[in-house]
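Each remark here refers to the structure printed beneath this line.
Every number here is computed from the coordinates shown, using simple stated rules; none is lab data. This one's a predicted model, so the numbers in the text were calculated from it and none came from an experiment. We place every Cβ from the backbone using ideal geometry, glycine too, and count neighbours over all the protein chains shown.
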Amino acid sequence: MKKRKKGFPILYIVLCFLFFYVPILVMMVFSFNSSRSLTRFEGFSLHWYEQLLADSEIMGAVSVSVSIAALATIISTVLGTLTAIGLSKTRRVLKEWLLNVNNLPIMNPDIVTAIGLMILFSSMKFDKGYMTMLLSHVLFCTPYVITSVYPKVRQFDDSLANAAMDLGASPFQTLIKVIVPCIKPGIFAGMLLAFTMSFDDFVVSYFVTGNGVQNISIIVYNMTKRTNPTINALSTIVIVVILVALLIGNVVPMLANKKKNGRLKEEER
Amino acid sequence: MADMGDCIIELRGITKNFDDQQVLRGIDLNIYENQFLTLLGPSGCGKTTILRIIAGFEEPSKGELLFNGIDIAKVPPYKREINTVFQKYALFPFLNVYDNVAFGLNIKKVDKSVIHQKVQKMLSLVGLDGFEKRDVTLLSGGQQQRVAIARALVNEPKVLLLDEPLSALDAKLRKEMQGELKKIQQEVGITFIFVTHDQEEALSMSDTVVVMNDGKIQQIGTPVDIYNEPENRFVADFIGESNIIEGNMIRDCLVKFDGYEFECVDKGFKENEEIEVVLRPEDIEIVAPEQANLVGEIISSVFKGVHYELIVKTAQREYKIHTTDIHEVGKKVGMVLDKEDIHVMYKMDY
Ligand SMILES: Nc1ncnc2c1ncn2[C@@H]1O[C@H](COP(=O)(O)OP(=O)(O)O)[C@@H](O)[C@H]1O
Ligand SMILES: [Mg+2]
């Protein structure tokens, strides 16, 4: 009975993976195609990557995406972490209310956030461009940071903060030297989420930008109107970057755990 | 008793309210240099709150807190020359033993070589030589305890606060640590303010015991005073076992209870004042019925290891007696008391 059942789930998983990843693989393979065709592979070449590097418009978009993602990650991580710590000290009613409000931007469809921000910036006569894009990214990244840091803050034992102050640490030193190290896993997870959210955002960026400022997703969207295999090359690079970020996020904690377990075993001996 | 210097901490009329609950109701207490002072009382009586006020984690609602004569009620904890050993140790889990102990000195930006020397000295004082690189989360309770003590003492505070530091240890380790803590206190020669709800621990370690109940100090004294001369029924009840009997003070050195007059050593009560008498179970001597006024019948005898606990029923009440002699249940006996063993207390209003 058990045996008969086993074949199907594996087949199902394989089909799912094929469905998800074959298109991506095809795209990656065709980014190395020597011809323009998207259906016939005619030989390996780095032609499209050369084109990509030579295209200043695309390179500009890459630098916008990277710098916005980096800045938005840093700002939203600091904001979100401080907010999470503050929340844990807030009265219960207010806290629950704020946590629910914090979930709104996460659950809202991007398009709603996007249009809302666009209207806000227009009505306040903001000059649309890099700043508005950065502000928007900080805005939609921060809730993710709060959501991943808050559980760690709740686990934090207040007596550790008391102990630090007792030993002469000012409140700021206590934050940096004791609270942050204790909630580091949450902060790290939040940073990764923020970075990936910001780096691959299209909808919000598209609506809040202006004055010719474009990030990778916007330029890819504009390029798809003509067939241009350069976007395959660009997308491949984006996928690799995100893959590396995910690997860091999953492998680093695993290694840290292993090290700790190793020490545990050593001490048992 | 260790030789005590000047008064280092003074609490004057300290009260503390949480919301509408009054947790401390006017605490007056002088704490001296070199003193091993213990706050003793049942759980919830406000011991931790007093420590937190002294450490600076709570502000008193009313009253003054003087440190060397200066009011420090508004000084933040990180600026006080006081360190704490927390109830659950509160070691930093992400630092090893060495870095935990060095934390305070690192904050003060002390020279690395000086830190090294002081940390090593402190680790050997608490018997943790060679533990520098260990992960604190993997230490036993007793070892964590020692790290917590070293981490506090390495800063050379004037006063060390210890909040039930031994309550998480098993009985044997607890006894060991009691002796060791006392030794450490004498070695470093600073004031220890120790909190416990265990009367035996308090009596065996302290120079001075402060018995508390319900946010008020009931009695301050040496362990011997507290045990032998409890000032009221609460103290007598809380410290050791006792027979507490209502009676009248006829005049100085003469007390009457259960229908008979007894000689005692207490003075200064009003004539015929209603009082309560404490008789420790081990102070009551059993004699033949015709040799004593107080007579009764043994209604139970239970072996307790070193002694037997007898219950003797008289016309008025039941007396608890500890004796190493064997007595049969049902026997009629008399009970006599030395005048030093009759402790007269003011009657408490409940
Ligand atoms: N931060 C606080 N908020 C409200 N009540 C508190 C707080 N801290 C202590 N209490 C109350 O004060 C009383 C005394 O507490 P505590 O000083 O911890 O007693 P102990 O240490 O003697 O067991 C308890 O009733 C406790 O519930
Ligand atoms: Mg307590």
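Of note:
- Over the protein assembly as shown: Kirkwood hydrodynamic radius from C-alpha pairwise inverse distances, Å: 31.1 Å
- Within the shell of other residues whose beta carbon sits under 12 angstrom from the beta carbon of residue B:176, the net charge comes to +4, with Lys and Arg scored +1 and Asp and Glu -1.
- The mean count of C-beta atoms from other chains within 10 Å of the C-beta of residues in B:87-96, rounded to a whole number, is 4.
- Percent RCO, i.e. relative contact order, over region B:7-233, from Cα pairs under 8 Å lying at least 6 residues apart: 28 percent
- Sparse-neighbour loop sites [GluC sites (Glu not before Pro); region A:1-102; at most 13 other C-beta within 10 Å; DSSP]: A:42
- Residue list for region B:79-120, given a label point 7 angstrom along the Cα-to-Cβ vector of residue B:167 and an amide N cut-off under 14 Å: B:85-90
- Region B:55-102: GluC sites (Glu not before Pro) in DSSP coil with no more than 16 other Cβ atoms inside 10 Å: B:81
- Beta bridges assigned by DSSP with both partners in chain B are antiparallel in approximately 75 percent of cases.
- Modelled label reach - residue B:61, point 7 Å along Cα→Cβ, region B:203-237 residues with backbone N closer than 14 Å: B:215-216
- Cβ neighbours within 10 Å from other chains - mean over B:124-137: 1
- Put simply, the convex hull of the Cα atoms in region B:7-233 casts, on average, a shadow of 12.8 nm².
- For region A:102-141, the spread of Cα positions along each principal axis, largest first, Å: 28, 16, 14
- Length gained when the stretch residue A:237-residue A:173 is fully extended (0.36 nm per residue, less Cα-Cα span): 19.0 nm
- The ranking of A:32, B:194 by Cβ neighbour count inside 10 Å, starting from the fewest, reads A:32, B:194.
- Residues of region A:213-241 with amide N under 20 Å of a point placed 7 Å along Cα→Cβ from residue A:29: A:228-240
- Hydrodynamic radius of chain A per Kirkwood, over alpha carbon pairs, in Å: 21.9 Å
- Debye intensity ratio I(q)/I(0), log10, region A:139-240, q values 0.15 Å⁻¹ (C-alpha model): -0.74
- This ranking places B:49, B:314 by how few other beta-carbon atoms lie within 10 Å of each, fewest first, which gives B:314, B:49.
- Listed residue pairs exceeding 31 Å between alpha carbons, taken from B:16/B:172; B:172/B:339; A:177/A:258: B:16/B:172; B:172/B:339
- Gain upon complete extension [residue A:63, residue A:18; 0.36 nm per residue less C-alpha separation]: 13.0 nm
- Pairwise centroid distance, computed over Cα atoms, of region B:95-134 with region A:12-55, Å: 58 Å
- The three principal axes of the Cα atoms in region A:59-218 give end-to-end lengths of 55, 36, 25 Å, sorted in falling order.
- The alpha-carbon of residue B:62 sits under 16 angstrom from the alpha-carbons of these aspartates and glutamates, leaving out residues fewer than 8 places away in its chain: B:10, B:19, B:20, B:28, B:71.
- Taking every C-alpha pair closer than 8 Å and separated by at least 6 residues, the mean separation divided by the residue count of chain A gives a relative contact order of 29 percent.
- Surrounding net charge for residue A:98, when Lys and Arg each add one and Asp and Glu each subtract one, Cβ distance under 13 Å: +3
- For the protein assembly as shown, share of DSSP beta bridges that run antiparallel, in % to the nearest 5: 75 percent
- Kirkwood-type radius of region B:172-291, with distances r between different C-alpha atoms, in Å: 16.7 Å
- Entries in A:95/A:184; A:184/B:175; A:152/B:74 that, when Cα-Cα distance is taken, lie over 27 Å: A:184/B:175; A:152/B:74
- Neighbouring Cβ atoms from other chains, within 10 Å of the Cβ of residues in A:167-174, number 6 on average.
- Rounded, prolate or oblate (a/c below 1.5 giving rounded, otherwise prolate when a/b exceeds b/c) for region A:92-187 by Cα gyration tensor: prolate
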